[in-house]
Amino acid sequence: MIVLSGASLVLPDRVLSPGTLVIEDGRIADVRSDAPSGGHTAFAFHGHYIVPGFIDVHVHGVDGVDSLDARPDNDAIAAIAARLLRYGVTAFCPTTVACAPDALRRVLDQVRRARETPAARSARVLPAHLESNFINPEYNGAQPSGCLRSPRAALGSGTESSAKALAERSDYTAAQIVAEIERAAPDVGIVTLASELDGGLDLIRWLVSRGHRVSLGHSAATYDEALAGIAAGARHATHLFNRMPPLSHRAPGLAGAVLQTDEVAAEIICDGFHVHPALIRMAIAAKRPSRILAITDATAAAGLPVGSRAFLGGQVITAGESTALLPDGTIAGSVLTMDRAFQTLVGTVGLSLVDAATICATTPARELGLVGHGVLAPEAVADLVVLDANFSVVQTYLAGQLVYARALKSI
Ligand SMILES: [Zn+2]
């Protein structure tokens, strides 16, 4: 039995301060306001906060490691899983940019291995998030345009002519990408695509029928096109407001459709730069914290000093002050980590601790079907993070085991 006492506990409906967590067999056995006496392993955390472990459903890399790192004998997914604990992340969806079938196979094999045989002292590896080959070339951002393919060609029902309209390269087909998704189906969680592309709705229906979670993003969808995608089964939106047409009062577009449709949960990059804090506040007000997921969209440049070079799907990126950048200045994902996302939500955005924890842990857990995760409550899995008064990570626990600790003097 482990007893963590003295901290402010961020519970699903209130902050209990001070509170005590009793952990037994990897789960939270009790949440109480008094400290039990007895011969337990006890830690006193006066002046600290305990929140559920952060769950990031959109992260490409961190600390110099990219999910698509192709160096031989390098297990990028395992490396990312080990590094994320220091940022308070206890579970994550390894995320890829549009890539070739062999690269996709390599990363999905790594995801399967990490899930079958979880490494010690590593965040839980969830099924991958593919920012797929089936996004709109006009809104590709840092996704390599040569990798984009037509949804119409993906399911074998169309000719390759529409694919060629999207990309001149013929080194692989859309059908080969779909075959890799099919081959690794249990390890493919979220698939981001643009519903307005030719064949987009058929591809959504096919993916949903195979148990994948379809996310609308990197898309030029109008309001009506987005609603058609939702009707076809899309239930998620990829980095709301980024890489989609701006919200306009006469043309609400994809962003407007997501904001007003309760079935769809929306990711937001919570660094205060990708989306203005005012828009983060508005989106949360429109959809409530139970429908918003804080994400980092972090690249391998996250955690590195400004000016450091790293890779994103084989492309060179540089760590900037606020984002990662391609050599031509295009924003290429973020340098955000989940501890800073939480700090931004509580600080700049002005959320309550309960709402910030909901957006960083509870909602992603529920949306991904992780029963018993993402909350501090009796019976829940004891994945949790101890934060200091500045909301910096002091300790991270996975199933009640201490898996990361900052230098002891700071406790
Ligand atoms: Zn991304």
- Query: Which residues, taken from region 87-99, are in a strand (DSSP E or B), touching a helix residue (DSSP H, G or I) at 6+ places or on another chain (Cβ under 6 Å) and either over 17 Å from Gly333 (Cα atoms) or more than 16 Å from the ligand (Cβ to nearest atom) (or both)?
  - Reply: Val89
- Selection count where residues are part of a strand (DSSP E or B) and more than 16 Å from the ligand (Cβ to nearest atom), scope region 58-86: 0
- Message: So, Ala255, is that one of a type in the set (A, V, I, L, M, F, W, C), at pLDDT 95 or above and either closer than 19 Å to Leu293 by Cα or in contact with a helix residue (DSSP H, G or I) (Cβ under 6 Å, 6 or more places away or on another chain) (or both) or not?
- Response: yes
- Query: Given Leu197, Leu247, which one is at pLDDT below 95, away from the ligand (no atom under 16 Å from the Cβ) and over 18 Å from Ala103 (Cβ atoms)?
  - Reply: Leu247
- Among the residues of region 252-275, write down those that are surrounded by fewer than 21 Cβ atoms within 10 Å (Cβ to Cβ) and in a loop (DSSP other than H, G, I, E, B). Pro252, Thr261, Asp262, Glu263, Gly272, Phe273, Val275
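Pro364: closer than 18 Å to Tyr87 by Cα and either in a helix (DSSP H, G or I) or of a type outside the set (A, V, I, L, M) (or both), yes or no?
Yes: the conditions hold for Pro364.
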- Task: Scan region 105-134 for residues that are within 16 Å of the ligand (Cβ to nearest atom), over 18 Å from the mean Cα position of the chain (by Cα) and in contact (Cβ under 8 Å) with a residue 60 or more places away in the chain and jot them down.
- Result: Phe134
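Search region 307-342 for residues being part of a strand (DSSP E or B) and under 29 Å from Ala389 (Cα atoms), and hand back the single one that is modelled with the lowest pLDDT.
Applying the filter and picking the extreme gives Gly333.
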- Message: Checking the conditions here, which among Gly347, Gly320, Gly314 is in the same structural domain as Val275 (by TED's automatic domain parsing) and at positive phi?
- Response: Gly314
- Message: For the condition surrounded by 16 or more Cβ atoms within 10 Å (Cβ to Cβ), aliphatic (A, V, I, L, M) and either modelled with pLDDT of 95 or more or in contact with a strand residue (DSSP E or B) (Cβ under 7 Å, 6 or more places away or on another chain) (or both), what is the one hit in Ala298, Ala286, Ala278?
- Response: Ala298
- Query: Can you name the condition, by its number, that Ala35 falls short on among (1) over 23 Å from the mean Cα position of the chain (by Cα); (2) touching a residue at least 40 places away in the same chain (Cβ under 8 Å)?
  - Reply: (2)
- Query: What are the residues in region 171-194 that are closer than 22 Å to Cys93 by Cα and more than 16 Å from the ligand (Cβ to nearest atom), if any?
  - Reply: Ile177, Val178, Ala179, Glu180, Ile181, Glu182, Arg183, Ala184, Ala185, Pro186, Asp187
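Which residues, taken from region 46-59, are out of contact with any Pro (no Cβ under 8 Å at 6 or more places or on another chain) and crowded, with 24+ Cβ neighbours inside 10 Å? Lay out the reasoning, then the answer.
Keep residues of region 46-59 that are out of contact with any Pro (no Cβ under 8 Å at 6 or more places or on another chain), which gives 47-54, 58.
Scanning region 46-59 gives Ile50, Val51, Pro52, Gly53, Phe54, His58.
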- Restrict the check to region 22-29 and report whether at least one residue is modelled with pLDDT under 95 and at positive phi. no
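Can you tell me which residue among Arg213, Arg205, Arg243 is of a type in the set (Lys, Arg) and surrounded by fewer than 18 Cβ atoms within 10 Å (Cβ to Cβ)?
Arg205
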- Message: Quick test of your reading of the structure: His249 fulfils all but one of (1) in a loop (DSSP other than H, G, I, E, B); (2) touching a residue at least 24 places away in the same chain (Cβ under 8 Å); (3) not hydrophobic (A, V, I, L, M, F, W, C). Name the failing condition by number.
- Response: (2)
- Query: In region 322-340, which residue that is aliphatic (A, V, I, L, M) and within 14 Å of the ligand (Cβ to nearest atom) is surrounded by the fewest Cβ atoms within 10 Å (Cβ to Cβ)?
  - Reply: Leu326
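The values are calculated or read from the model by the stated rules, or taken from the named source; none is laboratory data. Note that the structure is predicted; figures quoted are calculated from it, not measured. Positions of Cβ are backbone-derived with ideal geometry, glycine not excepted, and every protein chain shown enters the neighbour counts.
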